[in-house]
Amino acid sequence: MSQRALVTGAGGFIGSHLVTYLRRQGWWVRGVDQKRPEFGETDADEFFVGDLRDPAVATAACEGIDEVYALAADMGGMGFISRDPATILHNNALINLNTIRAAQQAGVGRYFLASSACIYPEHIQDTPDATALREDDAFPANPQDSYGWEKLMAELLCRYYHEQHGMEVRVARYHNIYGPEGTYDGGREKAPAAMCRKVALAPGGGAVEVWGDGSQTRSFCYVDDCVEGTYRLMRSDHREPLNIGSDRLVTIDELAHLVFEAAGRDDLGIEHVDGPQGVRGRNSDNTQLRRILGWEPAVTLEKGLLETYRWITDELAARGAA
């Protein structure tokens, strides 16, 4: 009998990709989310539509499960994060409290938490050329927003469940994951998807809007690398939080120009407008990732953006929007 995995947030972007990856590794997979995947059928063997803020849903989801991959979150891009901080903290805290307790009570062998680079202190990310973030930079804690505080609390929850109950936990701090089959409009999309959509819809000789001055920096990790790194971490003996992300730093203006290249749109320009920007600079230090897993993300930003752009243009064409 194959081992049984639960993926929470299986109707979302990373969760749906992870379900497919686990199935290819030979796992029986149960998915749970408030909704089924938006852009295609799930590959899960079993899919629960339910709200993990309800402890009964978490209990049912964890029944008979060997490993839990906890990815469920109320999340979006900077627009959503800056607009709804109380909603984010309240909903995500309930989801994580309920899920880890249900997993422990069900005797789950191993528990994975999808954390975020948003846990890192704001004051060490205040310039575009900020030093890459090491795992031990997390404390003293000073995340910029409620999403970061909630993820940091969830990390501590995993630590204490290990200390008190002996639960095997694994924690990844994701750095700006992007790729096909992710939200690309509606206010919850991340920067790469938003940029691809804007470029696809821009008229000839037009300009795409960039929030702020465009010099803020980020690194971006393709979703295939993210799910592979997640699985490698789960198979390791490493219980401390670990960065999973690219260590290639680009400005948001540079991101826009890379999408222009992917689209073959040398006729476009950039218009800087007011909008939430998050921290000024954020990059992943992958020293620990390479040492512990003997691996790091391999998909170049050029290739990942090309795949993402093609997928988004196909989606827009199907909607008659392109």
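The values are calculated or read from the model by the stated rules, or taken from the named source; none is laboratory data. Values in this document were obtained by computation on a predicted structure and should not be read as measured data. Glycine also receives a Cβ, built like all others from the backbone with ideal geometry; neighbour counts cover every protein chain displayed. All accessible areas refer to the heavy atoms of the entire protein, side chains included, with ligands and DNA or RNA removed. Shrake-Rupley method; radii C 1.70, N 1.55, O 1.52, S 1.80 Å.
A few remarks follow.
- Selection count, the stretch 271-301, where residues are in contact with a helix residue (DSSP H, G or I) (Cβ under 7 Å, 6 or more places away or on another chain) and either over 21 Å from residue 178 (Cα atoms) or of a type in the set (Lys, Arg) (or both): 3
- The stretch 114-144, residues that are in contact with a Phe, Trp or Tyr (Cβ under 7 Å, 6 or more places away or on another chain), in a loop (DSSP other than H, G, I, E, B) and either open to solvent by 40 Å² or more (accessible area, probe 1.4 Å) or small (Gly, Ala, Ser) (or both): 138
- Complete set of residues in the stretch 16-27 that are outside any helix (DSSP H, G or I) and buried (at least 18 other Cβ atoms within 10 Å of the Cβ): 27
- Being touching a Leu at 6+ places or on another chain (Cβ under 8 Å) and basic (Lys, Arg) holds for only one residue in 235, 218, 159, and it is 218.
- Positions within the stretch 145-173 being open to solvent by less than 20 Å² (accessible area, probe 1.4 Å), under 17 Å from residue 240 (Cβ atoms) and in contact (Cβ under 8 Å) with a residue 40 or more places away in the chain, in sequence order: 151, 154, 155, 158, 167, 169, 170, 171, 172, 173
- Where strands (runs of 3 or more DSSP E) fall wholly inside the stretch 204-293, the ranges with 2 or more residues that are within 17 Å of the chain's Cα centre (by Cα) are 242-244.
- Out of 87, 99, sole residue that is polar (S, T, N, Q), part of a helix (DSSP H, G or I) and open to solvent by 30 Å² or more (accessible area, probe 1.4 Å): 87
- Enumeration of residues in the stretch 154-182 that are part of a loop (DSSP other than H, G, I, E, B) and over 22 Å from residue 284 (Cβ atoms): 166, 167, 181
- Where a residue in the stretch 287-304 is within 17 Å of residue 227 (Cβ to Cβ) and its partner, wherever it lies, is open to solvent by 60 Å² or more (accessible area, probe 1.4 Å) and not in a helix (DSSP H, G or I), with Cβ under 7 Å and at least six apart: 289/296
- Contact annotation: residue pairs with Cβ atoms under 7 Å, 6 or more positions apart or on different chains, pairing a residue in the stretch 197-212 that is farther than 15 Å from residue 264 by Cβ with a partner that is of a type in the set (Lys, Arg), are 209/198.
- In the stretch 174-189, the residues that are more than 30 Å from residue 108 (Cβ to Cβ), of a type outside the set (Ser, Thr, Tyr) and either surrounded by 23 or more Cβ atoms within 10 Å (Cβ to Cβ) or in contact (Cβ under 8 Å) with a residue 60 or more places away in the chain (or both): 180, 187, 189
- Options 57, 68, 108: the member that is part of a strand (DSSP E or B), crowded, with 19+ Cβ neighbours inside 10 Å and among the β-branched types (Val, Ile, Thr): 68
- Condition met for residue 236 (modelled with pLDDT of 95 or more, of a type outside the set (Phe, Trp, Tyr) and in contact with a Gly (Cβ under 9 Å, 6 or more places away or on another chain)): no
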